[in-house]
1. Based on the Cβ-Cβ distance from N100 to D162, what FRET efficiency comes out when R0 is 22 Å, to the nearest 0.05?
2. Residues in region 103-143, backbone N under 18 Å from the label point at E81 (7 Å along the Cα-to-beta-carbon vector): list them, ranges by number please.
3. P(r) of region 12-159 in 10 Å steps, Cα pairs, percent per bin?
4. Can you flag which of K117/K143; K34/K146; K75/K140; K34/K117; K88/K139 are past 28 Å Cα-Cα?
5. Using θ = phi - 60° and the Karplus curve 6.51 cos²θ - 1.76 cosθ + 1.60, what whole-Hz ³J(HN,Hα) does each residue of region 133-145 get, with Gly and Pro shown as x?
6. Just to check I understand the Karplus step: with θ = phi - 60° and J = 6.51 cos²θ - 1.76 cosθ + 1.60, what whole-Hz values come out for region 36-47, glycine and proline as x?
Amino acid sequence: MAIWGRLMNMGPQEVFQLFKVSIRQPRFIIPTIKATRQSIEICDELYGDDHHENNRTNAFRHALWNYLICEKCYKVSGSVERSIEWSKKITDLHEELAPNDKPAKLMDLHNNRIGRKLFKKNYSEENLAIITLLKEEMKKAIKVSKTEEINAHQNQLVYIEDRK
């Protein structure tokens with residue numbers, strides 16, 4: 001998920017959608033980019049390329065990504081709610097624009113929500129603490145085989161595939 005590579009592959013409609021969302025909260029753009037880079041760096045270090053599959057490590061990455069976006073935007077805004085709203089808006093847009101199939105998209109949206117929920121509950125925690133917490137949550141993640149099963153696990157990370 002190289003940021004610039006993804007941006008360069010966007011069509012005009014996608015760029016316009018991203019611009020429309022970003023222009024409303026320009027002060028959140030840099031924190032969002034930093035959070036995205038940090039989540040990728042952490043997951044690359046912990047899991048190599050494994051987190052790019054639809055497995056537990058991907059669930060971890062999506063939850064961490066949303067947590068970090070919220071955390072960095074909170075430092076700018078001082079508002080938990082605005083940070084969570086922004087994270088939802090920008091990561092929902094990412095999923096809308098991503099070329100994932102429906103099960104992967106629903107899994108990602110679910111795990112994004114878990115990350116925001118953890119932020120709301122633990123926003124004063126340091127990165128190390130949240131990584132430890134997410135590793136524990138990842139161990140309890142539920143494998144789903146049907147999209148209908150995702151909603152049955154509102155408080156747990158979910159994944160589609162086992163690690164290779």
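1. Values: r = 18 Å, r/R0 = 0.83.
That gives a FRET efficiency of 0.75.
2. 116-123
3. Per 10 Å bin, starting at 0, the Cα pair percentages come out as 12, 43, 35, 9, 0.
4. Distance filter (> 28 Å) returns K34/K146; K75/K140.
5. With coefficients 6.51, -1.76 and 1.60, one gets 4, 5, 4, 5, 5, 5, 5, 9, 4, 9, 7, 10, 10 Hz.
6. 5, 4, 5, 5, 5, 4, 4, 5, 4, 5, 7, 10
Laboratory data are not the source of any read-out in this text; all were calculated from the coordinates shown. Just so it is clear, the model here is predicted, and its values are computed rather than measured. So basically every Cβ, Gly included, is an ideal-geometry build from the backbone, and we count neighbours across all protein chains shown.
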